Amino acid sequence: MADPSSYRPKPGQIPDSPGVYRFRDEHGRVIYVGKAKSLRSRLSSYFQDLAGLHPRTRTMVTTAASVEWTVVSTEVEALQLEYSWIKEYDPRFNVKYRDDKSYPSLAVTLGEEFPRVQVMRGPKKKGVRYFGPYAHAWAIRETVDLMLRVFPVRTCSAGVFKRSAQIGRPCLLGYIGKCSAPCVGRVSPEEHRELAEEFCDFMAGRTGAYIRRLERQMHDAAEEMEYEKAARLRDDIEALRRALEKNAVVLADATDADLIAVAEDELEAAVQIFHVRGGRVRGQRGWVTDKVEAVDTAGLVEHALQQLYGEESGDAVPKEVLVPALPEPVEPVAQWLGERRGSRVDLRIPQRGDKKDLMATVQRNAQQALVLHKTKRASDLTTRSRALEEIAEALELDSAPLRIECFDISHLQGQDVVASMVVFEDGLARKSEYRRFQIKSFEGQDDVRSMHEVIGRRFRRYLQEKQKAGEWSEENAVEAAEEENGHAGPVDARTEDGRPKRFAYPPQLVVVDGGQPQVAAARRALDELGIDDVAVCGLAKRLEEVWLPGDDDPVVLPRTSEGLYLLQRVRDEAHRFAIAYQRSKRTKTLKAGPLDEVPGLGETRKKALLKHFGSVKRLRAATIEQICEAPGIGRKTAETIAAALAAAAPPAPAVNTATGEIMEEAGE
């Protein structure tokens, strides 16, 4: 535990201007990011008597080992920089909302030649227009099914679309009138895009004018005695009205607004957002967070606004945002929202009428989400804590291993030998910290030697970065750098702004997949580097025994032990990650073809050549002038390609033993 006075800036060093500050721990990891109208006033508040600080703030300042700041011109710039840094560094003491589920959205892929309507989850993609998110995917599909009668936009996958185009026959939706069948040319790309844009306009809330237009067309058709057309239009109008009924009007003035409500207790908070477009609820989502910093409702609202609109622009930011409490000060946040939208955004607390009533509904949803989350998490959190305590007790550790790293070796009959490193923090997988290794020091199969190499490489990198922070001798760092990189001099372990690179943080426990030999190899690698504060154990798969360095007998944990279950999960995850890497390497090897041997020929130009000629066989038969006709291929490159293909003798043709048919070359 650090004493904040040891890194407190000297009087007069901190400027009295707007800015953003970062607290770092002893390993250089950013643990907290904040902004302030006056950096001097805000940072001084962290260095008062510890007894006067909020417990969470006290924990943060005693975990930190340094503080730094960046001065900006305005509070709006501070807000933008704070959001960028929180997203980049993922600081442990900042409030970070996480989705309580992956909400589906209705998406229209306007970036494609023939736009497609589909249900999508996950991060937003460029060239796709989204509506929602919604609570249930089935609700989206019901709405789309009704609307396809009026807007017969493509909904099929790329494979189905391509297949229908090849055989010249549309799928079932094309026959029953719920797809305009652009795959077989029933409509042109322009006509199909117009249909997709009308679909988007209707979903965006411009419904009244479109229904009135259909009603006029229906009456005109009836007057001209085109009764079949009039009946079809009547049914279309009814389908659209049924789709609209699924989203009841909640605000009579056709308002576009987002309503944000917060439910909180001392430890956690839940946020619910209702997206209202055209007076109707078009989407809903929810987040939960641990209150790892001292923050009030207004602060939670500000963090929610940053996460909700940090990546949005234009109409994705509504004209009106209704919240339970206004950030302090509110002007920079409102200005930032306006800049993202491109016009003024009204950020306020609803006081009366329909909007206040709807906010109460959103608040009830937030409260229910918090209760449900706490019910789900209670047993999970208790179980993880018990598992870590059992591991600490069984391995006689000084404290619970909050960071566990597990290593596994994978190969195929001694070929493509690779290793994996997975990381669990607080009993949960931290996939952004996973790493993969190729065995470099020898050829063949030797799991013990491979484990020694991987552990040594991982912790040499850690020592290099520790030396960069001034925590290790220059002489040892140079030796480690030479051994790891094959040249003299320490390797820069951080980026220019001081952000730690990979392998910067040591674990409390290293787990290896294996028994006594693998554990001994890992311990030997750590001893050679002078690391004695990292515990090592191995988990042997045969009897699920836990082996410790130097012990002749294993530690046997009860089969019902939560600690053993956690070690199994860590080991199995490392095994899965190693096998996935080894298979990917093997797949790349199997897919290698004659073009892979052409120097300087990248994937893009290889694909262009194959697309231009259709196969390697036709490319091999082409002249240099014909090869030059392919996109991106000059004469010198064409000569290199021709020479490489001529030197690579084609394999013997494959024969179908059942029919006697001679097959073409693989991949051709």
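The values are calculated or read from the model by the stated rules, or taken from the named source; none is laboratory data. These figures come from a predicted structure and were not determined experimentally. Please note: Cβ atoms are built from the backbone with ideal geometry, for glycine as well, and neighbour counts cover all protein chains shown. Each accessible area value is taken on the protein alone, full model and side chains, heavy atoms only, with ligands, DNA and RNA left out. Shrake-Rupley method; radii C 1.70, N 1.55, O 1.52, S 1.80 Å.
Taking packing as the residue-averaged number of other Cβ atoms within 10 angstrom, the listed peptides 546-556, 269-279 run from highest to lowest as 269-279, 546-556. Taking amide H as placed 1.01 Å from N in the peptide plane, VAL95 has its amide H under 5 Å from the amide H of GLU293, each at least 5 places away in sequence or on another chain.
Close amide H pairs (under 5 Å, H built 1.01 Å from N) link GLN284 with TYR134, ALA135, HIS275, residues at least 5 positions away or on another chain. Applied to region 516-522, the Karplus parametrisation 6.51 cos²θ - 1.76 cosθ + 1.60 on θ = phi - 60° returns per-residue 3J(HN,Hα) values of 3, x, 5, 5, 4, 5, 5 Hz, with x for Gly and Pro. Note on region 606-645: Kirkwood hydrodynamic radius from all Cα pairs is 9.7 Å, rounded to one decimal. Of interest is the spacing of the C-alpha centroids, which for region 128-195 and region 444-466 amounts to 53 Å. Once all protein chains are placed together, TRP336 keeps about 10 Å² accessible to a 1.4 angstrom probe.
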